[in-house]
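Here's the structure we're looking at; comments come further down.
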Amino acid sequence: MDDRIAPAGHELRAADLGIVRTDWTRAEVRALFALPFPDLIFRAQSVHRRHFDPTEVQISTLLSIKTGGCPEDCAYCPQSVHYDTGVKADKLMSVDAVRAEATAAKNAGAGRFCMGAAWREPKDRDLDKVCEMVAGVKALGLETCATLGMLTSEQARRLKAAGLDYYNHNLDTSPEHYGAIITTRTYQDRLDTLDHVRAAGIHVCCGGIVGMGESVEDRVGMIATLASLDPHPESVPINMLVRVAGTPLETSATIDPLDFVRTIAVARICMPKSTVRLSAGREDMREETQALCFLAGANSIFYGPKLLTTPNPDCDRDRALMDKLGLTPMS
Ligand code: SF4
């Protein structure tokens, strides 16, 4: 019997499904993006089932512990001081307030609690407080995650000692498109922080954003770069740009939802054992698109009405969607 699961010429066979590789070439990733949609989704779903229960979704909650006033110039971000978006700069939250938010997130069903601060990099005195927050959240029985900007290796070690499980630091886009999105730090800076996080023994959460005016080839470059990290990031958030008034990307053309689903599917195939998170952009996404994303191998979402400063579906809406699709929180 012919076990091809892709059109003739692609030479994709069932035996290749779900093997973890860090040597994906751009040509291979490009060929995945070019597959007919049914072949791509079938392949992604087959890979997904090899490593995960397809009815389980990992639930994370994200809290902004220090909002606004960031000196970086990420073109999508309402928290940058370079853009007039109406986001006001706040001080770092208190440890008690963060613990209270984490308790509420746990009671609402979250398994992981992510703390985000709008910094280029944390100052050591701020890190003392963040380490206390991490220890407090961990003591509640939640997985811990933080996103604080660039880290030195010493800072990464301190966070690990405090109980940090995951560190989020996205590559955002392809190396070629990066300069059109951020000028205040380099792609290599990001890779260096990821190295420090990995060396400290913290799991890596690293993904990107689509819908920022990038080409399909940039999406290929982004996934190929993520899939060349060795080991792969344990968590891969794929975000759909939320166009915020006042940012340079406020008038970016919207991405076709099926192209977004394709990006999820290619991420799933190239990083078979990673949790692929259907991340920002769900507020404006139809249920049918989200269902296709789950079918394409997404198995994580952010839960709660706000993602840092942008809206996210509220918990009731997500619970209703998960019930409708027969999905349950990952244990
Ligand atoms: S994405 Fe992060 S680093 Fe970039 S401007 Fe926003 S808060 Fe700062």
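The values are calculated or read from the model by the stated rules, or taken from the named source; none is laboratory data. Just so it is clear, the model here is predicted, and its values are computed rather than measured. Here the Cβ is made from the backbone with ideal geometry for all residues, glycine too, and neighbour counts use every protein chain on show. Heavy atoms of the whole protein, side chains included, go into the accessibility calculation; ligands, DNA and RNA do not. Shrake-Rupley method; radii C 1.70, N 1.55, O 1.52, S 1.80 Å.
Rg and Dmax of the stretch 180-331, both derived from C-alpha coordinates alone, stand at 15.6, 44 Å.
In this rough spin-label picture, where each label sits 7 Å from Cα along the Cβ direction, the Ser331-Thr254 distance is 4.0 nm. With N the number of residues in the stretch 114-256, Rg(Cα) / (2.2 N^0.38 Å) evaluates to 1.08. Between Lys324 and Asp73, the simple spin-label model (points 7 angstrom out along Cα→Cβ) gives 4.2 nm. Between the Cα long axis of helix 257-270 and the first principal axis of the chain there is an angle of about 90°, rounded to the nearest 10. Working note: Cα atoms of the chain, range along each principal axis, descending, whole Å: 63, 40, 37. Annotation: cysteines of the chain without a disulfide-compatible partner (Cβ-Cβ under 4.7 angstrom) are Cys70, Cys131, Cys205, Cys206, Cys270, Cys293, Cys315.
Spin-label model, Asp314/Lys88: points 7 Å from Cα along the beta carbon direction are separated by 2.4 nm. Residues in the stretch 65-218 average 40 Å² of solvent-accessible surface per residue, probe 1.4 Å, ligands and nucleic acids excluded. A Förster radius of 35 Å combined with the Cβ-Cβ distance from Asp96 to Met285 puts the calculated FRET efficiency at roughly 0.50. Based on alpha-carbon atoms, the Kirkwood radius and the radius of gyration of the stretch 238-318 give Rg/Rh equal to 0.97. DSSP assigns beta bridges within the chain; of those with both partners inside it, close to 10 percent run antiparallel. With one equal scatterer per alpha carbon and no solvent term, the Debye-computed log10 I(q)/I(0) for the stretch 198-247 at 0.17, 0.26 1/Å reads -0.61, -1.00. Loop-located trypsin sites (Lys or Arg not before Pro) in the stretch 36-105 (DSSP state not H, G, I, E or B) with no more than 13 neighbouring Cβ atoms inside 10 Å: Lys88, Lys91.
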